[in-house]
Amino acid sequence: MNTPVVMSWSGGKDSAMALYEVRRSQQYDIVALLTSVSDEYRRISHHGVREMLLEEQADAIGIPLHKVYLPSGNDHPCTNETYEQIMGDVMATYKARGVETVAFGDLFLEDLRAYRERNLAKADMRGIFPLWKRNTAQLALEVIALGFKSYLSCVEGKVGPGFVGRPYDQNLLAALPPGIDPCGEYGEFHTFVYDGPIFRRPVTVRVGDIVMRDGRHYADLLPEQLGRGAATEVPAMPRV
(Lines give C-alpha, C1' and ligand atoms only; values in the text may rest on other atoms or scores of the structure.)
Protein backbone atom coordinates (compact mmCIF):
# COMPACT_ATOMS: atom_id res chain seq x y z
CA MET A 1 0.00 0.00 0.00
CA ASN A 2 1.15 3.53 -0.76
CA THR A 3 1.69 5.98 2.10
CA PRO A 4 -1.15 8.52 2.52
CA VAL A 5 0.10 12.11 2.40
CA VAL A 6 -1.45 15.56 2.66
CA MET A 7 0.05 18.17 0.34
CA SER A 8 0.86 21.58 1.80
CA TRP A 9 -0.58 23.68 -1.01
CA SER A 10 -0.13 27.37 -1.82
CA GLY A 11 -1.49 27.20 -5.36
CA GLY A 12 1.91 28.24 -6.71
CA LYS A 13 4.50 26.66 -8.96
CA ASP A 14 6.65 25.10 -6.21
CA SER A 15 3.66 23.35 -4.67
CA ALA A 16 2.62 22.20 -8.13
CA MET A 17 6.08 20.87 -8.95
CA ALA A 18 6.31 19.11 -5.58
CA LEU A 19 2.92 17.50 -6.22
CA TYR A 20 4.14 16.39 -9.64
CA GLU A 21 7.19 14.74 -8.06
CA VAL A 22 5.16 13.07 -5.30
CA ARG A 23 2.81 11.58 -7.87
CA ARG A 24 5.67 10.51 -10.10
CA SER A 25 7.32 8.57 -7.27
CA GLN A 26 4.25 6.28 -7.06
CA GLN A 27 4.93 5.84 -3.34
CA TYR A 28 2.15 8.05 -1.98
CA ASP A 29 -1.60 8.53 -2.10
CA ILE A 30 -2.44 12.23 -1.88
CA VAL A 31 -5.51 12.63 0.33
CA ALA A 32 -5.85 16.44 0.25
CA LEU A 33 -4.42 19.79 -0.76
CA LEU A 34 -4.05 21.78 2.47
CA THR A 35 -4.18 25.57 2.05
CA SER A 36 -4.28 28.42 4.55
CA VAL A 37 -6.77 31.14 3.66
CA SER A 38 -7.30 34.57 5.19
CA ASP A 39 -10.58 34.43 7.11
CA GLU A 40 -11.19 38.16 6.60
CA TYR A 41 -10.21 38.51 2.94
CA ARG A 42 -10.89 34.96 1.68
CA ARG A 43 -7.64 34.85 -0.25
CA ILE A 44 -4.66 32.49 -0.12
CA SER A 45 -2.20 33.55 2.56
CA HIS A 46 0.81 35.44 1.16
CA HIS A 47 -0.30 34.98 -2.45
CA GLY A 48 -3.44 37.12 -2.38
CA VAL A 49 -5.30 34.78 -4.76
CA ARG A 50 -9.08 34.59 -4.47
CA GLU A 51 -10.61 31.59 -2.71
CA MET A 52 -12.82 30.99 -5.76
CA LEU A 53 -9.75 30.45 -7.93
CA LEU A 54 -8.22 28.11 -5.36
CA GLU A 55 -11.36 25.99 -5.47
CA GLU A 56 -11.34 25.95 -9.27
CA GLN A 57 -7.69 24.94 -9.25
CA ALA A 58 -8.21 22.00 -6.88
CA ASP A 59 -11.18 20.81 -8.91
CA ALA A 60 -9.13 20.97 -12.11
CA ILE A 61 -6.38 18.91 -10.47
CA GLY A 62 -8.85 16.42 -9.02
CA ILE A 63 -7.68 16.27 -5.38
CA PRO A 64 -9.89 17.25 -2.41
CA LEU A 65 -9.18 20.73 -1.04
CA HIS A 66 -8.86 21.35 2.70
CA LYS A 67 -8.96 25.06 3.53
CA VAL A 68 -7.72 26.26 6.91
CA TYR A 69 -8.98 29.74 7.74
CA LEU A 70 -6.54 31.93 9.63
CA PRO A 71 -7.41 35.18 11.42
CA SER A 72 -6.09 38.20 9.57
CA GLY A 73 -7.78 41.34 10.84
CA ASN A 74 -5.92 44.06 12.72
CA ASP A 75 -7.96 43.34 15.85
CA HIS A 76 -7.18 39.61 15.72
CA PRO A 77 -3.84 39.04 14.00
CA CYS A 78 -2.49 35.57 13.33
CA THR A 79 0.43 35.26 15.72
CA ASN A 80 2.82 32.33 15.58
CA GLU A 81 1.11 30.88 18.62
CA THR A 82 -2.32 31.12 16.99
CA TYR A 83 -1.04 29.62 13.76
CA GLU A 84 0.64 26.72 15.52
CA GLN A 85 -2.46 25.97 17.59
CA ILE A 86 -4.74 25.95 14.53
CA MET A 87 -2.38 23.83 12.44
CA GLY A 88 -1.69 21.54 15.37
CA ASP A 89 -5.40 20.76 15.59
CA VAL A 90 -5.48 20.13 11.83
CA MET A 91 -2.51 17.75 12.03
CA ALA A 92 -4.09 15.90 14.95
CA THR A 93 -7.17 15.29 12.79
CA TYR A 94 -5.06 13.83 9.98
CA LYS A 95 -3.07 11.73 12.45
CA ALA A 96 -6.32 10.26 13.80
CA ARG A 97 -7.22 9.28 10.22
CA GLY A 98 -3.92 7.46 9.78
CA VAL A 99 -2.26 10.20 7.72
CA GLU A 100 1.19 10.82 9.17
CA THR A 101 3.02 12.53 6.29
CA VAL A 102 2.88 16.07 4.90
CA ALA A 103 4.60 17.07 1.63
CA PHE A 104 6.08 20.54 1.14
CA GLY A 105 7.46 22.46 -1.84
CA ASP A 106 10.34 24.05 0.10
CA LEU A 107 13.64 24.34 -1.75
CA PHE A 108 16.53 25.33 0.51
CA LEU A 109 15.55 27.44 3.54
CA GLU A 110 16.90 25.37 6.42
CA ASP A 111 15.17 27.34 9.18
CA LEU A 112 11.77 27.00 7.51
CA ARG A 113 12.17 23.25 7.08
CA ALA A 114 13.30 22.88 10.70
CA TYR A 115 10.26 24.89 11.86
CA ARG A 116 7.90 22.65 9.89
CA GLU A 117 9.53 19.49 11.18
CA ARG A 118 9.39 20.66 14.81
CA ASN A 119 5.68 21.37 14.54
CA LEU A 120 4.97 18.07 12.80
CA ALA A 121 6.92 16.20 15.47
CA LYS A 122 4.49 17.54 18.08
CA ALA A 123 1.76 15.61 16.27
CA ASP A 124 4.04 12.58 15.77
CA MET A 125 4.08 13.23 12.03
CA ARG A 126 6.80 13.76 9.44
CA GLY A 127 7.44 15.93 6.40
CA ILE A 128 8.74 15.07 2.97
CA PHE A 129 10.43 17.62 0.72
CA PRO A 130 10.59 16.33 -2.87
CA LEU A 131 12.29 19.47 -4.25
CA TRP A 132 14.83 19.88 -1.45
CA LYS A 133 18.21 21.29 -2.53
CA ARG A 134 17.33 21.30 -6.22
CA ASN A 135 19.22 23.98 -8.12
CA THR A 136 16.60 26.71 -8.44
CA ALA A 137 17.82 28.03 -11.79
CA GLN A 138 17.51 24.56 -13.28
CA LEU A 139 14.24 23.88 -11.47
CA ALA A 140 12.70 27.08 -12.83
CA LEU A 141 13.47 26.00 -16.39
CA GLU A 142 12.14 22.50 -15.70
CA VAL A 143 8.86 23.89 -14.36
CA ILE A 144 8.40 25.83 -17.60
CA ALA A 145 9.55 22.97 -19.84
CA LEU A 146 7.06 20.58 -18.23
CA GLY A 147 4.25 22.88 -19.26
CA PHE A 148 3.27 24.45 -15.95
CA LYS A 149 1.61 27.79 -16.64
CA SER A 150 1.26 30.46 -13.99
CA TYR A 151 1.02 34.16 -13.28
CA LEU A 152 2.90 36.16 -10.66
CA SER A 153 0.20 37.12 -8.16
CA CYS A 154 2.35 38.95 -5.61
CA VAL A 155 5.77 40.57 -5.95
CA GLU A 156 7.95 42.20 -3.33
CA GLY A 157 8.75 45.86 -3.96
CA LYS A 158 12.46 45.15 -4.43
CA VAL A 159 11.69 43.05 -7.51
CA GLY A 160 9.74 45.83 -9.19
CA PRO A 161 6.15 46.60 -10.23
CA GLY A 162 6.59 45.47 -13.83
CA PHE A 163 6.68 41.81 -12.85
CA VAL A 164 3.40 41.26 -11.04
CA GLY A 165 0.72 39.78 -13.29
CA ARG A 166 3.29 38.49 -15.79
CA PRO A 167 3.44 34.84 -16.89
CA TYR A 168 6.16 32.77 -15.27
CA ASP A 169 8.21 31.97 -18.35
CA GLN A 170 11.72 32.22 -19.72
CA ASN A 171 11.26 35.88 -20.62
CA LEU A 172 10.45 36.66 -17.02
CA LEU A 173 13.42 34.68 -15.72
CA ALA A 174 15.74 36.57 -18.05
CA ALA A 175 14.36 39.90 -16.84
CA LEU A 176 14.61 39.28 -13.08
CA PRO A 177 16.99 41.70 -11.31
CA PRO A 178 20.29 40.33 -9.97
CA GLY A 179 20.00 38.65 -6.60
CA ILE A 180 16.40 37.53 -7.06
CA ASP A 181 16.02 33.77 -6.76
CA PRO A 182 14.51 32.39 -9.99
CA CYS A 183 12.00 30.40 -7.94
CA GLY A 184 11.35 33.23 -5.49
CA GLU A 185 12.35 31.04 -2.55
CA TYR A 186 13.09 34.04 -0.34
CA GLY A 187 9.53 35.27 -0.84
CA GLU A 188 10.43 37.70 -3.64
CA PHE A 189 7.35 36.65 -5.61
CA HIS A 190 4.45 34.22 -5.51
CA THR A 191 2.57 32.53 -8.34
CA PHE A 192 -0.76 30.95 -9.20
CA VAL A 193 -0.61 27.87 -11.46
CA TYR A 194 -3.53 27.40 -13.82
CA ASP A 195 -2.36 24.56 -16.08
CA GLY A 196 0.25 21.83 -16.37
CA PRO A 197 0.84 18.09 -16.23
CA ILE A 198 -0.97 17.65 -12.89
CA PHE A 199 -4.18 19.25 -14.27
CA ARG A 200 -7.10 17.45 -15.84
CA ARG A 201 -8.10 20.74 -17.48
CA PRO A 202 -6.79 24.33 -17.35
CA VAL A 203 -8.28 26.95 -15.06
CA THR A 204 -9.51 29.97 -17.00
CA VAL A 205 -8.04 33.05 -15.34
CA ARG A 206 -7.16 36.59 -16.34
CA VAL A 207 -5.20 39.41 -14.76
CA GLY A 208 -7.33 42.15 -13.20
CA ASP A 209 -6.30 45.24 -11.26
CA ILE A 210 -2.72 45.69 -10.08
CA VAL A 211 -2.19 47.51 -6.79
CA MET A 212 0.49 48.06 -4.15
CA ARG A 213 -0.14 47.16 -0.52
CA ASP A 214 2.39 47.23 2.34
CA GLY A 215 5.37 47.34 -0.01
CA ARG A 216 4.14 44.48 -2.19
CA HIS A 217 2.58 44.53 -5.66
CA TYR A 218 -0.55 42.41 -6.15
CA ALA A 219 -2.30 41.32 -9.34
CA ASP A 220 -5.93 40.48 -8.73
CA LEU A 221 -6.34 37.28 -10.72
CA LEU A 222 -9.93 36.80 -11.78
CA PRO A 223 -11.84 33.60 -12.48
CA GLU A 224 -13.96 33.39 -15.60
CA GLN A 225 -17.19 33.47 -13.57
CA LEU A 226 -16.67 37.09 -12.51
CA GLY A 227 -16.60 38.37 -16.08
CA ARG A 228 -15.38 41.73 -17.28
CA GLY A 229 -16.00 44.81 -15.22
CA ALA A 230 -16.24 42.92 -11.90
CA ALA A 231 -15.09 44.62 -8.72
CA THR A 232 -11.45 43.77 -8.23
CA GLU A 233 -10.45 45.38 -4.94
CA VAL A 234 -7.24 43.77 -3.72
CA PRO A 235 -6.98 43.90 0.08
CA ALA A 236 -3.81 44.23 2.12
CA MET A 237 -2.85 40.65 2.68
CA PRO A 238 -1.52 39.47 6.05
CA ARG A 239 1.82 37.68 6.21
CA VAL A 240 0.38 34.45 7.56
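The values are calculated or read from the model by the stated rules, or taken from the named source; none is laboratory data. Please read all numbers here as calculations on a predicted model, not as lab measurements. Using ideal geometry, Cβ is built from the backbone for each residue, glycine included, and neighbour counts are taken over all protein chains shown. In case anyone asks, the SASA skips ligands and DNA or RNA and just uses the protein heavy atoms, side chains included. Shrake-Rupley method; radii C 1.70, N 1.55, O 1.52, S 1.80 Å.
Computed values, structure above
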{"quantity": "Packing-based ranking, highest mean first, of 120-126, 3-9 given that Cβ atoms within 10 Å are counted", "calculated": "3-9, 120-126"}
{"quantity": "Net charge dipole size for the chain [Lys, Arg +1 and Asp, Glu -1 on Cβ; Debye, nearest 20]", "calculated": "460"}
{"quantity": "Gained length - residue 171 relative to residue 122, 0.36 nm times residue gap less alpha-carbon distance", "calculated": "13.3 nm"}
{"quantity": "Partners for residue 95 among lysines (Cα-Cα distance below 21 Å; same-chain residues under 8 apart left out)", "calculated": "67, 122"}
{"quantity": "All lysines inside 22 Å of residue 158 as judged from Cα atoms, apart from same-chain residues fewer than 8 positions distant", "calculated": "13"}
{"quantity": "Computed accessible area, residue 194, all protein chains, 1.4 angstrom probe, square angstrom", "calculated": "40"}
{"quantity": "Point-to-point label distance, residue 200-residue 186, nm (Cα→Cβ direction, 7 Å offset)", "calculated": "4.1"}
{"quantity": "Region 18-130, relative contact order [Cα under 8 Å, separation at least 6], %", "calculated": "24"}
{"quantity": "Residue 1 versus residue 212: modelled label distance in nm, points set 7 Å from Cα along the beta carbon direction", "calculated": "5.5"}
{"quantity": "Relative contact order (percent, whole number), region 126-208, Cα cutoff 8 Å, 6+ residue spacing", "calculated": "34"}
{"quantity": "Solvent-accessible area per residue for the chain (1.4 angstrom probe, square angstrom)", "calculated": "46"}
{"quantity": "Solvent-accessible area, 1.4 Å probe, carbon plus sulfur percent, for the chain", "calculated": "48"}
{"quantity": "Rule-of-thumb Rg ratio for the chain [Cα; 2.2 N^0.38 Å; N residues]", "calculated": "0.97"}
{"quantity": "Net charge, residue 4 excluded, C-beta distance under 9 Å - Lys, Arg +1, Asp, Glu -1", "calculated": "-1"}
